[in-house]
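**Q** Provided herewith is a single structure, encoded as structure tokens, for subsequent inquiry.
The values are calculated or read from the model by the stated rules, or taken from the named source; none is laboratory data. Note that the structure is predicted; figures quoted are calculated from it, not measured. Neighbour counts run over all protein chains shown; Cβ positions are idealised from the backbone, glycine included. These area figures cover heavy atoms from the full protein model, side chains too; ligands, DNA and RNA do not enter into them. Shrake-Rupley method; radii C 1.70, N 1.55, O 1.52, S 1.80 Å.
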Protein chains: 2
Amino acid sequence: MLSDPFKSHFLFLILSFSLCVSQTLALNSVPEPDASALTYLWPLPSEFTSGNHTLSVDPDLSLAVAGIGGSSAILRAAFDRYRAIIFKHTSGISIFSRFTGRSSVYDISKLKIIVNSDNEELQLGVDESYTLFVSKNDGKSIIGEATIEANTVYGALRALETFSQLCSFDYGTKSVQIYKAPWCIRDKPRFAFRGLLLDTSRHYFPIYVIKQIIESMSYAKLNVFHWHIIDEESFPLEVPAYPKLWKGSYTKWERYTVEDAYEIVKMPLFLFLDYFMWCVTGINVMAEIDIPGHAESWGTGYPDLWPSTSCREPLDVTKNFTFDVISGILTDMRKIFPFELFHLGGDEVNTDCWSSTPHVKQWLQDRNMTAKDAYKYFVLKAQEIAISKNWTPVNWEETFNTFAENLNPRTVVHNWLGAGVCPKAVAKGFKCIFSNQGFWYLDHLDVPWNEVYTAEPLEGINDTSKQALVLGGEVCMWGETADTSDVQQTIWPRAAAAAERMWSRRDAISTGNIALTALPRLQYFRCLLNRRGVQAAPVTNKYARRPPTGAGSCYEQ
Amino acid sequence: MLSDPFKSHFLFLILSFSLCVSQTLALNSVPEPDASALTYLWPLPSEFTSGNHTLSVDPDLSLAVAGIGGSSAILRAAFDRYRAIIFKHTSGISIFSRFTGRSSVYDISKLKIIVNSDNEELQLGVDESYTLFVSKNDGKSIIGEATIEANTVYGALRALETFSQLCSFDYGTKSVQIYKAPWCIRDKPRFAFRGLLLDTSRHYFPIYVIKQIIESMSYAKLNVFHWHIIDEESFPLEVPAYPKLWKGSYTKWERYTVEDAYEIVKMPLFLFLDYFMWCVTGINVMAEIDIPGHAESWGTGYPDLWPSTSCREPLDVTKNFTFDVISGILTDMRKIFPFELFHLGGDEVNTDCWSSTPHVKQWLQDRNMTAKDAYKYFVLKAQEIAISKNWTPVNWEETFNTFAENLNPRTVVHNWLGAGVCPKAVAKGFKCIFSNQGFWYLDHLDVPWNEVYTAEPLEGINDTSKQALVLGGEVCMWGETADTSDVQQTIWPRAAAAAERMWSRRDAISTGNIALTALPRLQYFRCLLNRRGVQAAPVTNKYARRPPTGAGSCYEQ
């Protein structure tokens, strides 16, 4: 019996999948690595079978759509983007072959995509499942050469990524080939939330770089870009309601306009003549303002937000103005960020300034509050503001560790300090995101790929109903030593190790010798990133992002 | 009296330039750095004046052409490319303003480009001079708002780069502005050959990366991409005449087809519908095969090229086959590379294998030749082959150091070992390229930007006629520890320091405190590269390409 996400509205697809399964018997098994196998996939799909045929792919690959979601503009844009990726290497050849008049017959000249829903809303938990069949059309089958079926356009997007990874440029024939066909793949993610944090406060990243990072995430099927926009060092974002806030930017050139922020959410690729190209990635953007700590830069424009000019953090808890500003920021941000989750930070709050600044001290005494009480007061008030704007609040784990019983039950607890927090959070009924800094903080350069790979978000949680409260996990790219020059190679390839952990079946990736089952595929994926223009670093470096130690092949470093 | 390259065919331009000069008196002077000055240029133009007006630039900036070269497709493509660069930041805004219907009046809505020749041949010494005027159109002047005049399209390309650097995105008005107008710039390069070497043998770079590097070179007005394609570690290039040669590649995925090589020369950006976009950079590609040393990988496909299977370098000097293969490679390459210079290597030839391999030893004895004689024999024979194919041979300096008197007089001597070689070479009438490894080898990570900047190709050459024999210089990006993950930040920003040395007037950049006259501009240029998607590293790092040591602004790191 096919599980729900795979329930097909097209009988022939079910029939065809059965045929496909009968051809090869390895369904559900993880294939042994094979040095001669030319096709590697990352992250590993839930279920797949392959064969032993090689198929050629037409550079003029066309799209045929079906299903009530088939006419989606998102789908068309995604297909165009992936066609460009798949034929990146052959573009020159096809350009020159126009002059020489070469032409060939190809096995795969059409990709059929069936989308069973026309609901294009991108939110947490959107159905990303898909099926993908690739086989030589024998002229008898109704399903044709390459067929994707998905319940949503976002499932189709994930399928297109997988399809693009099946395609590789063959230097013998100078064409794109699919090895080991027929392919029958049924796939879906293990977790709904598969995130990457980028910190644009410690270093500013041009929006062009941010868009490249978001696009690179799609290659590993990550789906939440956590934008840690502001921190104590700089406030780069324009806030129309409080236009002096971005005076806290490093320079007047290191800023994001409201339009820039829209661009990061919408990902326009370019405008050509009157045709929009969108870089459609199906990636949610979760914005963060990290309060009340990590907010010194707010006071550059509005010094009233500081307890005093000599003691500038946390934000002044005593003033209505502080919460007016927060509310103003959130109102302006709500117009930009449609994602249901909003991150309110709440970590590393050192309340010394509150205890030592006379007017704050007095305010606490008047209310018979400790500084810790004020921390709770602040966080809960900010949560109320976010909830009033129809946001689900996310907080770093200190809020849960300090006053779990008071947190709004909708709070998503974001783990970072270490192990054991998600088990506690879900035991109390909270949702949780796993980012144990010992493994998933990408600025920890001494963590090798295999430790990133084996860190398990469900560790210590055995009850299935409690496991369901773990939304997923997130790798965090803090910015103290990451700028435009080195951010991609600090993120990649280790973020990919976490991405497979979050996407693929736990049983499939938690057994066997990962030096054989995962490492060769990860090295292949790193080189794939390089080919796509992403500066992923060598996989087996002793320290992350270090240059290669000597000459050699990408596939062995 | 205007010097030749600036001789205008348009009287009004001369008149206008005079007007411009009369407005500001600082012509020929290098302006003092001014922290409040918003516009920095890199490399410094030969002559320029600026004013104190701020002009806004229309995102729908249009092109008007004149002169017999004005209708060039190269010019149109270059304009389109630079318009995309200039308005990269505003693209989102203009997209969204289409919906909101915003519109404005701009000071600069048209760029006029006059090209005085329709000769589009790109070769060494092509006229790259240009004049650029930017002023507010008062309705009376005939020359309009922004005007470029050049003798060739390649001069116009350099002018477009300068124009793009005058334009900066202003976060207050959310539009592109030109500060310090009116601008009157007359510019030309000091050296005809301003190169960057990339080694694709120690590590393979996808063509996508190579094209990005070539495009980034154009930002610093470098104009020769020296492609060190093959070395002892790997032979990535397809050679149709000897199809087994690329068996010497690391893997079957780390190869360049003939079409790839064409693409590196022609730089197609993408094909959209039926419209070609070319990334026109005006950069020559100088190919290299480094013989007879550095060629072990050749024998993977053709073991006969080795003296023996146990002693594999230099190439077997005794066999006609060796020279047949060289001739075949050069014949195939001649179809791809139109540049008049071809690099034959010739460095670091350890002849031990020749002296120790019986059949080679016998061959030497039969001819009463030493191994050193055989080295000369090999190099001269290769030079003859290259010359017969209408190429000017370039050789690393060892050939000059060892047998200068025998070298073909057309030989270009490529310095690398240290100081003093170009003075000796030009004294003997040879042309020379300066790449002193102590300063211009980019893999030497301990050379700070200022030592790169002050290295002078004409050092020790005082006679003007001898100075004219120094074609220029080249920074070298050897590939032992440079791969896709780190190559751009190893090249930049230090390559830019050499680029200004090679482009700008020696007197203008050799006096004063470069920490004040050059460093702030270089830091600005590094951030400009970052904004354009190039991973240029911090400028003031102790070691090149290291990440920033802490949080901070791009402009201060």
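**Q** Can you work out the accessible area per residue across chain B, with the rest of the protein chains kept in place, probe 1.4 Å, in square angstrom?
**A** Numbers: 19830 Å² over 557 residues.
Result: 36 Å² of accessible area for each residue.
**Q** So, with +1 on the Cβ of K and R and -1 on the Cβ of D and E, and no other charges, what is the size of the charge dipole of chain A about its Cα centre, to the nearest 20 debye? Spell out each step's value before the answer.
**A** Working: 52 positive and 61 negative charges, 244 e Å.
Once rounded to the nearest 20, the dipole reads 1180 debye.
**Q** One decimal, nm, shortest first: give the distances between the label point of A:P240 and those of the same position in the other copies, each label point 7 Å from Cα along Cα→Cβ.
**A** Values, ascending and in nm: 5.9.
**Q** I would also like to ask the following. So what's the net charge close to A:N223: Lys and Arg +1, Asp and Glu -1, counting the other residues with Cβ under 10 Å from its Cβ? Could you put the intermediate results ahead of the total?
**A** Values: positive: A:R158, A:R194, A:K221; negative: A:E128.
In short, +2.
**Q** Any number yet on Rg/Rh for the range A:432-547, C-alpha, Kirkwood?
**A** Working: Rg = 14.4 Å, Rh = 14.7 Å.
Rounded to two decimals, Rg/Rh equals 0.98.
**Q** Any chance you could give the angle, 0 to 90 degrees and rounded to 10, that helix A:371-388 forms with the longest Cα principal axis of chain A?
**A** 50
**Q** Could I ask something else about it? Whole-Hz Karplus ³J(HN,Hα) for the range A:306-317, in order, using 6.51 cos²θ - 1.76 cosθ + 1.60 and θ = phi - 60°, x for Gly and Pro?
**A** 7, x, 7, 5, 9, 9, 10, 8, x, 3, 5, 6
**Q** Taking B:I387 in one copy and the same position in all the others, each labelled 7 Å out along Cα→Cβ, what are the pairwise distances from the first, in nm, shortest first?
**A** Listed shortest first, these distances are 8.7 nm.
**Q** If you don't mind, there's one more thing I want to ask. Please express the Cα-Cα pair-distance distribution P(r) of the range B:400-456 as a list of whole percents, one per 10 Å bin, running from 0 to the bin with the greatest distance.
**A** Cα pair-distance distribution for the range B:400-456, in percent: 24, 46, 23, 7.
**Q** Chains B and A: what accessible area do they bury, summed, in square angstrom to the nearest 100, with a 1.4 Å probe? Could the numbers behind the result be given before it?
**A** On the way: alone 22860 and 22860 Å², together 39650 Å².
Summing both chains' loss of accessible area gives about 6100 Å².
**Q** OK, next. Sorted from largest to smallest, which semi-axis lengths in Å does the alpha carbon gyration tensor of the range A:111-257 give for its equivalent ellipsoid, taking the root of 5 times each eigenvalue?
**A** Values: eigenvalues 343, 68, 28 Å².
Semi-axes, largest first: 41, 18, 12 Å.
**Q** Among A:G155, B:V421, B:L471, whose Cα sits farthest toward the positive end of the charge dipole of the protein assembly as shown (+1 at Cβ of Lys/Arg, -1 at Cβ of Asp/Glu, about the Cα centre)?
**A** A:G155
**Q** Same structure, new question: With unit charges on the beta carbon (Lys/Arg positive, Asp/Glu negative), name the residue among B:A498, A:N395, A:P243 whose Cα is farthest towards the positive pole of the charge dipole of the protein assembly as shown.
**A** A:P243
**Q** How much of the accessible area of the range B:389-504, probe 1.4 Å, is carbon plus sulfur, in whole percent? Don't jump to the answer; show the numbers that get you there.
**A** Working: 1710 of 3410 Å².
That fraction is 50 percent.
**Q** Rounded to the nearest 20 debye, what is the charge dipole size of the protein assembly as shown about its Cα centre when +1 sits on each Lys and Arg Cβ and -1 on each Asp and Glu Cβ?
**A** On the way: 104 positive and 122 negative charges, 272 e Å.
Dipole of the protein assembly as shown, to the nearest 20 debye: 1300 debye.
**Q** Among residues other than A:I387 whose Cβ falls under 15 Å from its Cβ, what is the net charge (Lys/Arg +1, Asp/Glu -1)?
**A** Numbers: positive: A:R334, A:K381, A:K389, A:R410, A:K431; negative: A:E340, A:E384.
Combined, the nearby Lys, Arg, Asp and Glu give +3.
**Q** Local charge sum around A:A64 (other residues, Cβ-Cβ under 12 Å, Lys/Arg +1, Asp/Glu -1)? Walk me through the numbers on the way to the answer.
**A** Details: positive: A:R76, A:K110, A:K112; negative: A:E145.
That sum, taken over residues with Cβ under 12 Å, equals +2.
**Q** Identify the trypsin sites (Lys or Arg not before Pro) of the range B:458-557 meeting these criteria: DSSP loop state and at most 13 other C-beta atoms within 10 Å of the C-beta. List each step's numbers first, then the result.
**A** Details: sites: B:K466, B:R494, B:R501, B:R505, B:R506, B:R521, B:R526, B:R531, B:R532, B:K542, B:R545; in loops: B:R505, B:R532, B:K542, B:R545.
Taking the range B:458-557 and a limit of 13 other Cβ atoms within 10 Å, the loop trypsin sites (Lys or Arg not before Pro) found are B:K542.
**Q** Could you tell me what fraction of 2.2 N^0.38 Å the Cα radius of gyration of the range B:344-394 comes to, as a two-decimal ratio? Could you put the intermediate results ahead of the total?
**A** Numbers: Rg = 12.6 Å, N = 51, 2.2 N^0.38 = 9.8 Å.
In units of the globular-protein estimate, the range B:344-394 measures up at 1.28.
**Q** Counting other Cβ atoms within 10 Å, keep those with at most 15, restrict to DSSP loop, and tell me which trypsin sites (Lys or Arg not before Pro) in the range A:158-260 are left.
**A** On the way: sites: A:R158, A:K174, A:K180, A:R186, A:R190, A:R194, A:R202, A:K211, A:K221, A:K244, A:K247, A:K252, A:R255; in loops: A:K174, A:R190, A:R202, A:K221, A:K244, A:K252, A:R255.
When the trypsin sites (Lys or Arg not before Pro) of the range A:158-260 are filtered for loop state and at most 15 Cβ neighbours within 10 Å, A:K244, A:K252 remain.
**Q** How high is the relative contact order of the range B:163-283, in percent, with contacts defined as C-alpha pairs under 8 Å that are six or more residues apart?
**A** On the way: 141 pairs, mean separation 24.5, N = 121.
Relative contact order here is 20 percent.
**Q** Take the alpha-carbon centre of the range A:392-437, take the same for the range B:387-425, and report the distance between them in whole Å.
**A** A separation of 69 Å, based on Cα centres.
**Q** Do you know the relative contact order of chain A, to the nearest whole percent, from alpha carbon pairs under 8 angstrom that are 6+ apart? Provide the component values of the computation, followed by the final result.
**A** On the way: 1120 pairs, mean separation 76.4, N = 557.
Relative contact order for chain A comes out at 14 percent.
**Q** Rg and Dmax in Å for the range A:354-440, alpha carbons only: what are they?
**A** In order Rg, Dmax, the Cα atoms of the range A:354-440 give 14.8, 44 Å.
**Q** Same structure, new question: If you split all Cα-Cα distances of the protein assembly as shown into 10 Å bins from zero, what percentages do you get per bin, shortest first?
**A** 2, 10, 18, 22, 20, 15, 9, 4, 1, 0, 0
**Q** Sticking with this structure for a sec: In chain A, if every C-alpha pair distance is counted and binned at 10 Å from zero, what percent goes to each bin?
**A** Spelled out per bin, shortest first, that is 3, 17, 27, 25, 16, 8, 3, 1, 0.
**Q** Further, regarding this structure: Given a cut-off of 15 Å, what percent of all Cα-Cα pairs of the range B:179-257 lie beyond it? Let's see the in-between values first.
**A** Numbers: 1989 of 3081 pairs.
I get 65 percent for the Cα pairs in the range B:179-257 exceeding 15 Å.
**Q** If you take the beta carbon distance between B:N137 and B:S71 as r and set R0 to 22 Å, what does 1/(1 + (r/R0)^6) give as a FRET efficiency, to the nearest 0.05? Intermediate results must be reported in sequence, preceding the final value.
**A** On the way: r = 24 Å, r/R0 = 1.08.
Using R0 = 22 Å, I get an efficiency of 0.40.
**Q** Another question about this same structure. Hey, any idea what the orientation-averaged projected area of the convex hull of the range B:193-512's Cα atoms comes to, in nm²? Write down the numbers at each step before the final one.
**A** Numbers: hull surface 69.0 nm².
Result: 17.2 nm².
**Q** Filter the chymotrypsin sites (Phe, Trp or Tyr not before Pro) in the range A:490-557 down to the DSSP loop ones having no more than 13 other Cβ atoms within 10 Å, then list what survives.
**A** Values: sites: A:W503, A:Y524, A:F525, A:Y543, A:Y555; in loops: A:Y543.
Qualifying residues, ordered by number: A:Y543.
**Q** Hey, what number do you get for chain B at 222 nm if only DSSP H runs of n ≥ 4 count, each worth -39500 (n - 2.57), divided across all residues, to the nearest 500? Don't skip to the end; give the middle numbers.
**A** Details: 21 runs with 190 residues, N = 557.
Value at 222 nm, helices only: -9500 deg cm²/dmol.
**Q** Sorted from shortest, what are the nm distances separating the label point of A:G512 from equivalent points in the other copies, each placed 7 Å from Cα along Cα to C-beta?
**A** List, nearest first: 6.4 nm.
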